[in-house]
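**Q** Below you will find the structure I want to go over with you.
The values are calculated or read from the model by the stated rules, or taken from the named source; none is laboratory data. Keep in mind it's a predicted model, so treat the numbers as computed, not measured. We place every Cβ from the backbone using ideal geometry, glycine too, and count neighbours over all the protein chains shown. In case anyone asks, the SASA skips ligands and DNA or RNA and just uses the protein heavy atoms, side chains included. Shrake-Rupley method; radii C 1.70, N 1.55, O 1.52, S 1.80 Å.
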Amino acid sequence: MSRSYTVRTYGCQMNVHDSERMAGLLESSGYTRAVSGDADVVVINTCAVRENAAGRLYGNLGHLRPVKEAHPGMQIAVGGCLAQKDRAEIVRRAPWVDVVFGTHNVHALPVLLERARHNAQAQVEIAESLEVFPSTLPARRESAYAGWVSISVGCNNTCTFCIVPSLRGTEKDRRPGEILSEVQALAAEGVLEVTLLGQNVNSYGVEFGDRGAFAKLLRSCGEVPGLERVRFTSPHPRDFTSDVIAAMAETPNVCPQLHMPLQSGSDDVLRRMRRSYRSSRYLSIIDEVRASLPDAAITTDIIVGFPGETEEDFRATLDVVAAARFASAFTFQYSPRPGTPAASLPDQVPKAVVQERYMRLVALQEEISWAANRALEGRVVELLVAAGEGKKDSATHRLSGRARDGRLVHFAPGDARIRPGDVVEVAIGYGAPHHLVADGPVLSHRRTRAGDLHDTPVRPTTGLGLPSFGAPAPVGGGCS
Ligand code: SF4
């Protein structure tokens with residue numbers, strides 16, 4: 001009898017990507033995805049960045065203990081960044097956990113589960129450096145129309161608030177040919193959109209000595225038949241070069257969207273974050289992008305309340321936000337991450353001050369986002385219809401999709417039988433603060449193979465003979 005599994009994913013797109021590999025590995029080892037009830041195997045793919053990451057993991061494990069006691073043979077596995085960091089501590093605090101594996105040995109999951117079952121003993125196996133590139137592992141993809149393709153893992157930067165380099169190691173780059181064959185295989189399966197993933201995509205190629213590799217990769221994606229949309233996350237301002245902007249502007253299927261973390265607008269704070277760029281450099285990149293891609297939607301990540309941040313520093317952040325006119329921003333209140341240099345910096349900013357500044361930043365960005373969305377009223381946009389995002393809204397019967405610039409659009413399908421994965425054109429009727437609305441008639445509807453896949457009751461297999469689909473997470477909000 002095949003055993004069932006479920007994967008719970010926390011954190012960034014890289015974790016979403018890795019979870020697709022964990023699911024793919026389990027399915028190619030004979031497990032089936034649990035559709036209801038308690039799974040025989042629960043895998044928790046953890047994040048170490050988000051607030052209270054540890055509290056959420058141990059809370060989860062606490063809830064699972066009685067479930068496991070009532071379900072003989074059930075196994076619990078913990079992977080991801082917090083597993084890489086906490087290691088055997090997880091089994092010490094939750095001895096009902098069967099397997100702990102890290103970010104560098106995702107491939108070991110099925111073997112560790114078998115070994116734990118055979119030896120009736122918890123297995124903790126953490127590799128210090130990458131053993132197998134996760135993207136070479138079988139994947140059970142969440143979507144039939146969009147796919148994550150990782151181009152590198154790890155990061156060579158040392159931002160003082162970030163734990164990623166110590167958990168995912170220094171940057172390892174995949175060979176361009178390997179990436180392109182994965183992109184071509186996806187497009188051949190009907191996938192219309194790929195997102196190139198890396199902690200710092202635009203330093204791609206540093207490992208094999210080609211600083212122009214990322215721009216070349218974007219251009220190569222432009223030649224993949226059937227691939228309509230290319231996105232990437234996350235770039236780092238320090239390594240953002242003009243050849244990448246030119247490749248974005250000159251490659252038709254590269255979407256006019258850029259998520260580029262600012263983190264702070266104060267040069268003093270950027271220096272103490274060890275971000276290796278200053279606000280003027282950041283704004284000059286924005287200007288260069290807008291000169292080549294006037295309709296590009298630019299989004300960002302900002303941390304408020306970094307240790308030592310003064311009112312003057314914070315005002316510098318507000319000034320950069322006002323100048324940059326971001327389409328939207330992922331905003332975070334700084335909280336010390338155990339194991340990062342910034343956690344032990346003096347002058348930690350009081351929570352009330354951080355909260356007050358955070359509200360001011362959110363209010364300013366909301367105003368800017370809303371004005372930018374209102375400016376799109378009347379514009380005709382092409383949407384890739386999404387599954388799961390903004391579900392069929394029972395009150396309005398709207399469906400949802402993503403425009404080429406990444407914006408979320410809720411639209412009225414009328415009587416047309418529109419499926420996730422199809423492509424439609426609509427006219428924007430109203431720009432809301434965080435999304436757009438199109439209640440007029442659908443101007444065009446293109447049925448796609450990805451849409452057909454969503455229509456078929458029998459799940460299609462991916463290139464690796466594995467069933468697929470659901471909805472991918474939006475770009476941004478990662479760590480870079
Ligand atoms: S914030 Fe991003 S660029 Fe900086 S160390 Fe972390 S992953 Fe690397």
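**Q** Check off (1) aromatic (F, W, Y); (2) assigned to a helix (DSSP H, G or I); (3) out of contact with any Lys or Arg (no Cβ under 9 Å at 6 or more places or on another chain) for F314 and give me the number that stays unchecked.
**A** (3)
**Q** Please go through (1) touching a strand residue (DSSP E or B) at 6+ places or on another chain (Cβ under 8 Å); (2) outside any helix (DSSP H, G or I); (3) among the small types (G, A, S); (4) closer than 30 Å to R175 by Cα for A127 and return the number of the only condition it doesn't satisfy.
**A** (1)
**Q** Checking G169 against (1) away from the ligand (no atom under 13 Å from the Cβ); (2) touching a residue at least 60 places away in the same chain (Cβ under 8 Å); (3) farther than 25 Å from S143 by Cβ, which test does it fail?
**A** Every condition holds for G169 apart from (1).
**Q** I'd like the residue in region 318-328 that is within 25 Å of A432 (Cβ to Cβ) and not aliphatic (A, V, I, L, M) and, out of all such residues, is nearest to the chain's Cα centre (by Cα).
**A** That would be S328.
**Q** Next question. Starting from residues that are within 16 Å of the ligand (Cβ to nearest atom) and of a type in the set (D, E, K, R), keep the ones in region 172-212 and report whichever is surrounded by the fewest Cβ atoms within 10 Å (Cβ to Cβ).
**A** K172
**Q** Can you tell me which residues in region 426-442 are in a strand (DSSP E or B), touching a helix residue (DSSP H, G or I) at 6+ places or on another chain (Cβ under 9 Å) and not aromatic (F, W, Y)?
**A** Residues satisfying the conditions are G431, L436.
**Q** Going by the structure shown, is S129 open to solvent by 60 Å² or more (accessible area, probe 1.4 Å) and among the hydroxyl-bearing types (S, T, Y)?
**A** yes
**Q** Here are D295, D301: which of them is surrounded by fewer than 14 Cβ atoms within 10 Å (Cβ to Cβ) and outside any helix (DSSP H, G or I)?
**A** Result of the check over D295, D301: D295.
**Q** Restricting the first residue to region 13-29 and requiring it to be surrounded by fewer than 21 Cβ atoms within 10 Å (Cβ to Cβ), which pairs with a second residue that is assigned to a helix (DSSP H, G or I) meet a Cβ separation below 6 Å and a spacing of at least six or different chains?
**A** So the pair list comes out as S29/P110.
**Q** Considering only region 398-412, I want to know if a residue exists there that is out of contact with any strand residue (DSSP E or B) (no Cβ under 8 Å at 6 or more places or on another chain) and modelled with pLDDT under 95.
**A** no
**Q** Right, here's the next one. Can you name the residue in region 124-166 that is in contact (Cβ under 8 Å) with a residue 60 or more places away in the chain and among the polar types (S, T, N, Q) and is also farthest from the ligand (Cβ to nearest atom) among such residues?
**A** S143
**Q** Further, regarding this structure: In region 72-128, which residues are within 27 Å of P338 (Cα to Cα) and of a type in the set (K, R)?
**A** K85, R87, R92, R93
Residue-wise test of (1) away from the ligand (no atom under 16 Å from the Cβ); (2) surrounded by fewer than 22 Cβ atoms within 10 Å (Cβ to Cβ).
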{"position": "A215", "(1), (2)": "yes, no"}
{"position": "S234", "(1), (2)": "no, no"}
{"position": "D239", "(1), (2)": "no, yes"}
{"position": "L262", "(1), (2)": "no, no"}
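**Q** If I filter region 36-53 for residues that are open to solvent by 40 Å² or more (accessible area, probe 1.4 Å) and either under 30 Å from V423 (Cα atoms) or not in a loop (DSSP other than H, G, I, E, B) (or both), do I get at least one hit?
**A** no
**Q** Looking only at region 364-384, decide whether some residue is modelled with pLDDT under 95 and within 25 Å of the chain's Cα centre (by Cα).
**A** No, region 364-384 contains no residue that is modelled with pLDDT under 95 and within 25 Å of the chain's Cα centre (by Cα).
**Q** What about R117, is it in a helix (DSSP H, G or I), more than 16 Å from the ligand (Cβ to nearest atom) and of a type in the set (D, E, K, R)?
**A** yes
**Q** Looking only at region 150-166, decide whether some residue is surrounded by fewer than 20 Cβ atoms within 10 Å (Cβ to Cβ), among the small types (G, A, S) and either within 15 Å of the chain's Cα centre (by Cα) or over 20 Å from D86 (Cβ atoms) (or both).
**A** no
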